[in-house]
Every structure is written in C-alpha cells, then in structure tokens.
Amino acid sequence: MSRELYDSVVIGGGPAGAAAAIYAARKKLKTLVITEEFGGQSLVSSNIENWVGEISITGEELAEKLERHVRAQREVEIKIPERVTTVLEVPDCTYEVRTDRGGRYRSKTVIVASGGRRRRLQVPGEDRFEGRGVAYCSTCDAPFFQDLEVAVVGGGNTALESVIDLIPYAAKIHLLVRGDQLKGDPVIQEKIMASPKLNLLKNIEIREILGDRAVSGLGYQDQKDGAVKELPVQGVLVAIGSVPNSDFIKTLVDTNQAGEILVDHRTGQTSKWGIFAAGDVTNDPFKQNNLSAGDAVKAALSAYSYVLDIQKYSPCAESED
C-alpha cells in the first residue's frame, strides 16, 4: 500500500468526478483521481446540447475538456486506466481504496463519482446476439444499421438520442416504449416525431430477441391487449437507462434497491462519515451532466469541511500528520 495519505480520493472521470477533483484541488486538498477513462457515459454521445456553456459538443470533446481541466490542477494526481474494486475502512480512521491494478491508496475522504453502466433487457437472445445486431451505443454502432430496420427500446433521452443517431442510416426505426408516453425532453421528441422513418409503439414488454446467426426479429407483448407479437428487424438498440457502479462500496454505505448510493442532497454525505457521493451513482432522480457536476462540487466542498474539522468525526485522526 502506498504510504502517502491523500486528503481525498475521487473515484470516476465523468462530469461529477472531474468537478469534484477540480474543486478539491482548488481547496488545496491533496487529491487522487482514479478512473478507467474521462467522460463517463456521455463519452459515446455524438451531440450534447444541454451542457451549460456549449451550444453543441460531442462526448469525446467533453471528455477531452474535462481531462484537460483536471490535469491543470497542481494538487491532483491521476491513475488511469484503473478501476476501483473495493473501499475499506481501516483502524486509523482513514479509508483504503483498492484497484484492479493492485493499487492501494489511503485517504481521509472518498468521493464516489463512478456513474453507471448501460442497463440490459435480460431477455433470451440478448447475450447471444450482442455484437450481431444487439447494440447499446448508437453513436458507436448506428452506421452498421445502414438501410436496415432497427428497434430502439426505451422512452427516455438516451432512447430518443439513439433514434436521432439512427435516422441518417436506418431504413426504418421502431421505437418501443414500455409505458404509454415518452419521458425524454420535449425538444428531442419533436425532432424524432418529425421523421417519416419513425414508428412509435407504446405499452410494449420485450420478451425475446430472435435470430439465427444474427438478429432477425423481436418478440414482444402488447400490454393493452396481451397479444404476443413479432417485429421483423435486423437490429436492436437497447437504451433503457443505466445501473449505478456502486458494487465496490455497497458494504460501507447505504444504498437503495436499485443500488444507488443514498446521500444527503445538501452535502453529498453518505451514511458513512468521510465518504461522499455525487452523480449517476447516487439516488438523485435526475441523471443529468450539469446536475452531476453541481452535486460533485457540493461533495468536494463538504469533503474539505470534513478534513478541516476531522476530529469531530474521527477521534483517532488527531494522531495523523
């Protein structure tokens, strides 16, 4: 284990992780950032129009700007690409952060900004046809669906943006929504509804992805009449949200049934003193880049206050240098 004692270890390199690192550094906290990559889930977005200060920016451009801003901070050390596997509480009232590369880093505070990962349908055929018609990233895979019929599953912003990415390529796009209405931003809804390629199907429950060597169809149930039907498509793009990346810390902090870390939304404080969280990994109901960054700023400032007055929370911290 490294003998260095950090004031804060920030886990994640998305908007939340970057914001936390920048603000921790500006408060002169000795900060370590551990991330697999910068950009978070937005890295695969071809066009982001709601990042404040940018009329339009790609996910790659945003990731580059976040990384450049973090690297400009003198107080920040970066471990990349590295993935956190566990966080342990140690007897001297500090935390030990362990990674997949054998790293063991000790810190007074931890800011969890690890985001989420794409949610899967969990239906027969999904695993079998992943990479053979089943995809999760429209930015990455839209060109592969040139002149094909594609089903997009989901009703939020991710699904609507996936439709937009597919419009220049696919022959027809079937948007399958579990509920009776779309949940994405009205502005994006207007864009996709204007396309003659779109076929919107509501109240749909996906049952199975069909095919032989590649995807040839989708089995679903119409929730209104209970009928089980098949939709002939050559591609399925799953866009049903994300799962929080919280497995490595669930034994230390309280989470809800979805695995989201429960936080005090005023401070970012978790159920464990000295551990803070922000962004998509938390129980904030609004998964948005701007909110993630703002909440991470609060978490970093709270971590700073904690370090300044650590004796209140960690009795043995008086023995620390």
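The values are calculated or read from the model by the stated rules, or taken from the named source; none is laboratory data. The shown structure was predicted, so the numbers you read here are calculated from the model rather than taken from an experiment. Note that each Cβ is placed from the backbone with ideal geometry, even for glycine, and that neighbours are counted across all protein chains shown.
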Next on the checklist: Quick check on my filter: what residues within region 221-262 are under 30 Å from Pro143 (Cα atoms), assigned to a strand (DSSP E or B), among the hydrophobic types (A, V, I, L, M, F, W, C) and modelled with pLDDT of 95 or more?
Outcome noted: Leu231, Val236, Leu237, Val238
Checklist entry - Only one of Gly211, Gly184 is in the same structural domain as Asn157 (by TED's automatic domain parsing), among the small types (Gly, Ala, Ser) and under 22 Å from Ile164 (Cα atoms); which? => result Gly184
Checklist entry - Just a yes or no: is a residue in region 153-165 over 23 Å from Asp222 (Cβ atoms), touching a Lys or Arg at 6+ places or on another chain (Cβ under 8 Å), hydrophobic (A, V, I, L, M, F, W, C) and in a helix (DSSP H, G or I)? => result yes
Item to check | Qualifying positions in region 285-297 - of a type outside the set (Lys, Arg) and either in contact (Cβ under 8 Å) with a residue 24 or more places away in the chain or buried (at least 24 other Cβ atoms within 10 Å of the Cβ) (or both) | outcome: Gln288, Asn289, Asn290, Ser292, Ala293, Gly294, Asp295, Ala296, Val297
Item to check | Odd one out for Ile240, checked against (1) under 21 Å from Ala18 (Cβ atoms); (2) surrounded by fewer than 22 Cβ atoms within 10 Å (Cβ to Cβ) | outcome: (1)
Checklist entry - How about region 89-104: which of its residues are in a strand (DSSP E or B) and under 21 Å from Gly40 (Cβ atoms)? => result Val97, Thr99
Item to check | Unique residue being touching a residue at least 24 places away in the same chain (Cβ under 8 Å), within 24 Å of the chain's Cα centre (by Cα), surrounded by 15 or more Cβ atoms within 10 Å (Cβ to Cβ) and outside any loop (DSSP other than H, G, I, E, B) when the list is Ile188, Ile209 | outcome: Ile188
